[in-house]
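Read the structure below first, then the notes.
Bear in mind these aren't lab numbers, they're just calculated from the coordinates by the rules spelled out. Remember, it's a predicted structure, so these values are computed and weren't measured experimentally. Every residue, glycine as well, gets a Cβ built from its backbone with ideal geometry; the counts of neighbours run over all protein chains shown.
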Amino acid sequence: MAGENLTRASVGADQSGRPAIDFRFDGTGARRFGEATAANLGKPFAIILDGKVISAPTIQSAITSGSGQITGQFTIEEASTLVNLLNGGALPAPLNVEERRVVTAELGADAVAAGALSTAIGFAIIVVFMLLAYGLLFGGVSVLGLILNGVLIIAAMSLTQATLTLPGIAGLILTFAVAVDANVLIYERMRDEARSGRSVIASMDAGFSKAWGTILDANVTTLVAAAIMFVFGAGPVRGFAWTLSIGVITSMFSSILVAQVLLAYWLKKARPKKLPIAE
């Protein structure tokens with residue numbers, strides 16, 4: 001008989017309540033199994049997978065109904081293992097090993113090191129861009145917000161016992177971009193207001209208040225996408241989604257509240273006549 005005649009195998013219990021293996025054949029298998037068991041009472045019935053005998057129970061009676069039970073001194077683990085082997089052997093296609101690789105811990109260390117390097121490069125590029133685009137003051141405030149954002153992300157991950165994997169590092173890099181995006185929206189709105197002739201105070205106030213709606217909409221959309229990935233994704237995808245979610249929440253705090261407090265303090269002390277980024 002072939003494994004294709006086996007339709008189901010599962011863990012059951014014998015009359016004494018001990019673990020056993022329940023099985024069922026299709027019509028052809030039921031007929032053949034009935035004939036085989038009737039003609040070989042008291043003899044072992046070998047179950048062979050990949051040329052090896054994985055079990056050889058003794059036939060106690062003729063089984064003509066198409067379903068039966070393998071009993072013995074099984075533990076739950078042993079019964080579950082045999083059930084998995086039976087169901088696996090019942091697959092219509094054979095499994096052939098095409099390639100086998102042995103991965104050591106060094107690969108994981110190299111991946112984390114590469115992720116840390118890419119994070120540092122990405123952060124450096126963002127810092128240079130913000131300083132060149134918005135000057136030492138406004139760009140520096142954004143950089144301080146980024147640093148605080150990174151600290152908050154690491155603190156939140158430590159609090160939730162989350163592990164920073166390679167996909168998590170990718171999420172961390174993306175959150176830096178999200179945080180800077182909020183600052184860019186605020187600063188560009190300030191520029192537009194200043195170029196239209198509004199005062200420094202009015203321009204800065206409009207920059208924070210009018211850009212808030214766009215920032216909130218973008219971050220909520222990102223959080224929804226991250227939630228979908230976390231619910232329906234597997235391990236690495238969930239790690240990316242979790243880091244991204246934490247980063248989005250912390251970036252809203254660091255890019256808006258921190259920047260607003262620092263720039264308000266600068267405005268109070270310097271009392272400028274012109275917005276530095278208006279040009």
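Tabulated results
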item	result
GluC sites (Glu not before Pro) lying in DSSP loop within segment 5-105, provided at most 15 other Cβ fall within 10 Å	98, 99
Residue order, fewest to most surrounding Cβ atoms within 10 angstrom, among 58, 222, 75	75, 58, 222
Top of 132, 262, 41 by mean-square fluctuation, Gaussian network on the chain, Cα under 10 Å	41
Burial ordering of 215, 228, fewest other beta-carbon atoms within 10 Å first	228, 215
Relative contact order %, segment 16-96, counting alpha carbon pairs below 8 Å whose residues are six or more apart	39 percent
Sites residue 166 and residue 96, calculated FRET efficiency, Cβ-Cβ separation with R0 30 Å, nearest 0.05	0.45
Packing-based exposure ordering (other Cβ within 10 Å, fewest first) of 119, 28	28, 119
Pairs of lysine residues in the chain - Cα separation under 28 Å, sequence separation of 8 or more or cross-chain	5
Additional length obtainable on full extension of the chain from residue 38 to residue 273, 0.36 nm per residue less Cα span	74.3 nm
On Cα atoms only, tilt of 76-89 relative to the major axis of the chain in degrees	90 degrees
